[in-house]
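This report refers to the structure that appears directly beneath it.
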Amino acid sequence: MTHKIIVGDSWNPWSNLALEELIMDSHQGGVTLYLWQNQNTVVIGRNQNAWGECRLDVLERDGGKLARRSSGGGAVFHDLGNLNFTFVAERELYDVRRQLSVIQRAVGEFGIDTEFTGRNDLVLKETGEKFSGNAFWMKQDRDLHHGTLLLDVDLEKMGKY
């Protein structure tokens, strides 16, 4: 069984989401972790109305991008202060709590103490503030779990869009 880590080298949301889908479609077993970032982008879930989820005119005026992902979930703002992660695993190896524990241990190395909440979020243990939301996609014999890590996001832009 082969496990892989892929680190993206593009900030283009359409390329990154296309690569995520390619990883899902071509997955041959084991677990793949894909780490990636987008620049100045709002990403919406597969069932969302873009005009109802963000200020599309302001985003476009400012040179931002809008992208749709294959999973469900809410709208999220991505900039270079946000790190995205994707786990793709065959169904037998897929375990959301184990996958999130990888993220929790990684941020714990930087002294960030977190806990998992019932809505598939990671929050700061001390304040309860959400810093990671997650969404999911199931296909044939494999599953995808991806999420955001708000590390140093431009909160003004996030609120604006």
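A few notes on this one:
- Per residue, the convex hull spanned by the alpha carbons of the chain comes to 114 Å³.
- Comparing 137, 51, 11 in a Gaussian network model of the chain (Cα springs below 10 Å), the most mobile by mean-square fluctuation is 51.
- Exposure rank, largest accessible area first [62, 143; 1.4 Å]: 62, 143
- Choice from 110, 87, 77 showing the highest fluctuation, given a GNM over the chain with Cα pairs closer than 10 Å: 110
- Where the alpha-carbon atoms of the stretch 66-161 are placed on the principal axes, they occupy 40, 33, 22 Å, in descending order.
- Which of 109, 90 is most accessible, then next, and so on - probe 1.4 Å: 109, 90
- Spherically averaged projected area of the convex hull of Cα atoms, the stretch 4-44: 3.0 nm².
- Subset of 4/130; 65/130; 130/157 violating a 19 Å alpha-carbon distance limit: 4/130; 65/130
- Cross-link partners of residue 139 among aspartates and glutamates, defined as those whose alpha carbon lies under 12 angstrom from its own and excluding same-chain residues fewer than eight positions apart: 21, 25, 90.
- Under the Debye formula (equal points on every Cα, no solvent term), log10 I(q)/I(0) of the stretch 105-161 at q = 0.12, 0.16, 0.24 Å⁻¹: -0.37, -0.62, -1.04
The values are calculated or read from the model by the stated rules, or taken from the named source; none is laboratory data. Not measured: the values here are computed from a predicted model. Ligands, DNA and RNA are stripped out before the accessible areas are found, and what is left, the full protein with its side chains, is counted by its heavy atoms. Shrake-Rupley method; radii C 1.70, N 1.55, O 1.52, S 1.80 Å.
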